[in-house]
Amino acid sequence: MSVFDEDDVLHGESEGEGQKEGQEEDATCEEKQIEPCSLTQDMIVPGLSLLCRTGNGLAHAFVKLDIKDRHLTDIVLLRSFIHLRFLDISSNYLSDLSPLAALTQLLWLKGDGNRIEGFQGQPLGQLTYLQWLSLAVNHLCDVEGLGGPSLESLNLIGNGIQRMAGLECQSLTNLVTLELRGNRLETTDGIYLPNLRCLYLAQNRITKLEGLEKLERLTTLHLRDNQLETLDGINLSMNSLQYLNVRGNLVFSLQALQSLMAVAQTLRTLVLVENPLSETDDYRLCVLTYLPLLERLDKEPVSPGERSEAQERMKEFQDSREQEDQHT
């Protein structure tokens with residue numbers, strides 16, 4: 001399997017199908033009458049692992065807890081487990097994470113497949129050491145109130161997020177990876193994260209690229225299966241961009257390649273297959289004429305022959321322009 005085949009699996013259709021199945025299961029659960037189920041000591045004991053020294057170094061405590069898929073509706077009992085650093089509460093029926101406010105040592109939290117509707121009133125911004133957070137397939141519609149001074153990786157796949165307005169970029173200064181696949185975004189506006197390196201936006205409804213000029217450190221931008229007709233919005237400020245995937249959009253014009261010239265010096269991988277533009281004659285040659293430093297186009301490496309032919313075409317084009325200028 002090639003690099004791009006793997007990428008399609010990681011960030012493409014197969015995981016999207018899994019998200020869809022998870023959402024369907026969640027919808028089925030909503031139709032049922034869910035009996036309240038509180039966390040008990042008997043549930044906690046078998047899920048504890050990883051014995052470590054506590055902060056003062058004078059005692060030991062288990063710092064990892066797995067209580068996924070227990071039909072839980074509340075986790076109040078967790079308030080007394082203040083030494084936890086790794087917590088998996090996924091596949092329950094939780095809507096309130098306020099008991100986690102006491103877990104000030106938490107580094108890693110997985111809460112996929114619950115009923116979290118928003119970040120307002122949730123304690124996540126108070127967890128000053130939290131570095132990794134996953135709330136995939138919940139009921140989120142926006143990200144207002146989201147914060148976390150140490151957060152580096154955030155997974156919000158398969159929610160219903162429609163807008164990124166209200167994102168507390170001042171308190172997410174360390175965020176490096178943001179997963180937003182399978183939501184309902186129509187624009188990229190509002191993602192103002194100064195240190196973001198990887199942004200995954202596949203399987204949304206995006207028609208416009210906006211606000212990207214603030215993502216100066218972004219190296220990977222994944223936009224597969226959206227509704228983009230142009231690539232306007234890719235700009236000179238994105239001078240770290242190396243990988244761009246716009247597979248399965250509606251890009252049809254060579255004007256899109258002119259937009260990509262803004263990142264021609266850094267872009268090394270472009271996935272443009274399954275767009276109308278990729279069905280045109282001499283497609284690969286046209287792309288390489290605009291982007292001569294590309295190393296991979298779609299699933300194939302750029303061959304020396306292709307690069308040479310593109311350089312020759314560009315030279316002919318430049319000579320032609322010079323002759324026209326002389327005549328005018």
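The values are calculated or read from the model by the stated rules, or taken from the named source; none is laboratory data. Bear in mind that the values here come from a model prediction, so they are computed numbers and not experimental data. Counting neighbours? That spans all protein chains shown, and the Cβs are built from the backbone with ideal geometry, glycine included.
If you go through the range 89-104 and pick out every residue that is buried (at least 19 other Cβ atoms within 10 Å of the Cβ), free of Cβ contacts under 8 Å to residues at least 60 places away in the same chain and assigned to a loop (DSSP other than H, G, I, E, B), you end up with 7. Hey, among the residues in the range 272-305 that are of a type in the set (A, V, I, L, M), outside any loop (DSSP other than H, G, I, E, B) and crowded, with 16+ Cβ neighbours inside 10 Å, which one's farthest from the chain's Cα centre (by Cα)? Out of the qualifying residues, it is 288. Of the residues making up the range 287-324, those that are at pLDDT below 85 and either hydroxyl-bearing (Ser, Thr, Tyr) or within 21 Å of residue 274 (Cα to Cα) (or both) number 1. Apart from one condition, residue 235 fits all of (1) under 21 Å from residue 266 (Cβ atoms); (2) surrounded by 22 or more Cβ atoms within 10 Å (Cβ to Cβ); (3) free of Cβ contacts under 8 Å to residues at least 60 places away in the same chain; (4) not aliphatic (A, V, I, L, M); the exception is (2). Within the range 35-66, restricting attention to residues that are in contact (Cβ under 8 Å) with a residue 12 or more places away in the chain and small (Gly, Ala, Ser), the residue that is surrounded by the most Cβ atoms within 10 Å (Cβ to Cβ) is 61.
The criterion of at least 3 residues that are touching a Phe, Trp or Tyr at 6+ places or on another chain (Cβ under 9 Å) is met, among strands (runs of 3 or more DSSP E) falling completely within the range 146-224, by 153-155, 177-179, 220-222.
Applying the selection to the range 122-146, what residues are at pLDDT below 95, more than 21 Å from residue 82 (Cβ to Cβ) and not hydrophobic (A, V, I, L, M, F, W, C)? Of everything in the range 122-146, those that are at pLDDT below 95, more than 21 Å from residue 82 (Cβ to Cβ) and not hydrophobic (A, V, I, L, M, F, W, C) turn out to be 142, 144, 145.
The set of residues in the range 82-95 that are touching a strand residue (DSSP E or B) at 6+ places or on another chain (Cβ under 7 Å) and not aliphatic (A, V, I, L, M) comprises 83, 85, 86, 88, 90.
Among all positions in the range 149-158, there is at least one residue which is touching a helix residue (DSSP H, G or I) at 6+ places or on another chain (Cβ under 7 Å) and modelled with pLDDT under 95. Selection of first residues in the range 146-167 that are without any contact (Cβ under 8 Å) to a residue 40 or more places away in the chain and of second residues that are among the basic types (Lys, Arg) and not in a strand (DSSP E or B), restricted to Cβ pairs under 6 Å at least 6 apart or on distinct chains, gives the following pairs, ordered by first then second residue: 160/184; 162/184.
Here is a yes/no grid of residues against (1) touching a strand residue (DSSP E or B) at 6+ places or on another chain (Cβ under 7 Å); (2) closer than 23 Å to residue 197 by Cα; (3) among the β-branched types (Val, Ile, Thr):
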site	(1), (2), (3)
236	no, yes, no
253	no, no, no
270	yes, yes, no
293	no, yes, no
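Take residue 241 and decide whether it is surrounded by 18 or more Cβ atoms within 10 Å (Cβ to Cβ), outside any helix (DSSP H, G or I) and at pLDDT 95 or above. Answer is yes for this residue. The residue of the range 257-271 that is farthest from residue 224 (Cα to Cα), among those that are buried (at least 16 other Cβ atoms within 10 Å of the Cβ) and polar (S, T, N, Q), is 259.
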